[in-house]
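Trainee: Take a look at this one; I'll ask things after.
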Amino acid sequence: MKLRKVTAASAAVLTLALTATACGSDDGDDGGSSSGGGSKKITIGIKFDQPGLGQKTPQGYAGFDVDVATYVAKKLGYSEDQIEWKESKSADRETMLQRGDVDFIAATYSITPERQEKVDFAGPYLLAHQDVLIRADDDSIKSPEDLNDKKLCSVTGSTSAQNVKEKLAPKAQLQQYPTYSACLTGVQNKAIDALTTDDSILAGYAAQSQFKGKFKLGGFKMTNENYGIGLKKGSDLKDKINDALEAMVSDGSWQKAVDANLGPAGYKNDPAPKIGEIKS
């Protein structure tokens, strides 16, 4: 009799444990990551330090890439509070996608043949160009050739300034600073004549409230940079994201996001690129 009671009790405990386990599981859906409490999440990689594009602020996350990613996530079925933002530094992006650390990345991520061998891309969603940022009152730089004998700044490790020197202004005096902000301060203080990188990045920095009216873009369009949304190879989100990007353009949200984040710097954007159209 005692044996039957113990066995019955054990069975009851086992049944309760199995029931609790089943109720607590949540495999998620729509290709996103799941979190505790049965609430689905999606993890998105962005830059944390690029004003106007992807920036972590005391108020949250802001910038054009953030707006694009938020719009896409909504189309995929995720509200803003279901997004987990993760910093995606340039050197880490492919690895983060391959490891599955993020569901997708929107972080001034130019589509290149070399990168396409490692990851997939949706888009492009913005056509940027290498340009220069100069002081608003400087009329001496009207073309790339005018950068000869000028002090041209870019961040350490970037090829932007070297590209200008090799192809357009061989007498440019290259200056390497650790950050774009340091270059910008140099331009403002006249220690540097111009800062070069993608025009969208330059516009983001120049659009900050403390810099409004102090700088201008050269408008030189020295290269084409096709920004895409990075995905793990074979991700089934690619077509869904492309559909979301097309919807963002067609309903006006794309242009609104460009104007809000980059417009204060006088950024003149190209029309939204067609999905799959990569300009070399």
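The values are calculated or read from the model by the stated rules, or taken from the named source; none is laboratory data. A quick note: this is a predicted structure, and the numbers were derived from the prediction, not measured. Every residue, glycine as well, gets a Cβ built from its backbone with ideal geometry; the counts of neighbours run over all protein chains shown. Just the protein is used for accessible areas: all its heavy atoms, side chains included, with ligands, DNA and RNA removed. Shrake-Rupley method; radii C 1.70, N 1.55, O 1.52, S 1.80 Å.
Trainee: Just to be sure, is residue 131 surrounded by 21 or more Cβ atoms within 10 Å (Cβ to Cβ), among the acidic types (Asp, Glu), over 16 Å from the mean Cα position of the chain (by Cα) and more than 18 Å from residue 47 (Cβ to Cβ)?
Mentor: Yes.
Trainee: Could you look through region 137-152, keep only residues that are among the basic types (Lys, Arg) and assigned to a loop (DSSP other than H, G, I, E, B), and pick out the one that is farthest from residue 90 (Cα to Cα)? First the steps, then the outcome.
Mentor: Restricting attention to region 137-152, the residues satisfying the condition of being among the basic types (Lys, Arg) are 142, 150-151.
Right, trim to assigned to a loop (DSSP other than H, G, I, E, B) and you get 142, 150.
Working: 142: 31, 150: 28 Å.
So the residue we want is 142.
Trainee: Tally up the residues in region 261-280 that are of a type outside the set (Ser, Thr, Tyr), over 16 Å from the mean Cα position of the chain (by Cα) and under 18 Å from residue 205 (Cα atoms), please.
Mentor: 6
Trainee: Which members of region 141-164 meet the condition of being open to solvent by 40 Å² or more (accessible area, probe 1.4 Å), modelled with pLDDT under 95 and not small (Gly, Ala, Ser)?
Mentor: Selection gives 156, 159, 162, 163.
Trainee: With respect to the numbered conditions (1) in contact with a helix residue (DSSP H, G or I) (Cβ under 7 Å, 6 or more places away or on another chain); (2) open to solvent by 30 Å² or more (accessible area, probe 1.4 Å); (3) more than 26 Å from residue 145 (Cβ to Cβ), which one is the sole condition not fulfilled by residue 217?
Mentor: (3)
Trainee: Hey, among the residues in region 90-121 that are crowded, with 21+ Cβ neighbours inside 10 Å and part of a strand (DSSP E or B), which one's nearest to the chain's Cα centre (by Cα)?
Mentor: 105
Trainee: For region 206-239, which positions are under 28 Å from residue 266 (Cα atoms) and either free of Cβ contacts under 8 Å to residues at least 60 places away in the same chain or among the acidic types (Asp, Glu) (or both)?
Mentor: 209, 210, 211, 212, 225 - these are the residues of region 206-239 that are under 28 Å from residue 266 (Cα atoms) and either free of Cβ contacts under 8 Å to residues at least 60 places away in the same chain or among the acidic types (Asp, Glu) (or both).
Trainee: When the residues of region 116-140 are narrowed to those that are touching a Lys or Arg at 6+ places or on another chain (Cβ under 7 Å) and either at pLDDT below 95 or of a type in the set (A, V, I, L, M, F, W, C) (or both), which ends up nearest to residue 278 (Cα to Cα)?
Mentor: In this case the residue turns out to be 127.
Trainee: Give me the pairs: first residue in region 178-192 and closer than 16 Å to residue 140 by Cα, second residue in a loop (DSSP other than H, G, I, E, B), beta-carbon distance under 7 Å, and six or more apart or on different chains, which are they?
Mentor: So the pair list comes out as 188/214.
Trainee: Separate question: I need the full set of residues from region 170-201 which are over 15 Å from residue 131 (Cα atoms), in contact with a helix residue (DSSP H, G or I) (Cβ under 8 Å, 6 or more places away or on another chain) and open to solvent by less than 40 Å² (accessible area, probe 1.4 Å), in order please.
Mentor: Residue satisfying the conditions is 192 alone.
Trainee: For region 1-81, which strands (runs of 3 or more DSSP E) that fit wholly inside it have 3 or more residues that are open to solvent by less than 50 Å² (accessible area, probe 1.4 Å) and modelled with pLDDT of 95 or more? It would help to see each step written out before you state the result.
Mentor: Details: elements: 40-46, 54-57, 60-62.
In region 1-81, 40-46 are the strands (runs of 3 or more DSSP E) which contain 3 or more residues that are open to solvent by less than 50 Å² (accessible area, probe 1.4 Å) and modelled with pLDDT of 95 or more.
Trainee: Count, please, the residues in region 246-270 that happen to be surrounded by fewer than 18 Cβ atoms within 10 Å (Cβ to Cβ) and either of a type in the set (D, E, K, R) or in contact (Cβ under 8 Å) with a residue 24 or more places away in the chain (or both).
Mentor: Qualifying residue count, region 246-270: 11.
Trainee: Just give me the residues in region 204-257 being aromatic (Phe, Trp, Tyr) and more than 19 Å from the chain's Cα centre (by Cα), in sequence order.
Mentor: 211, 215, 220
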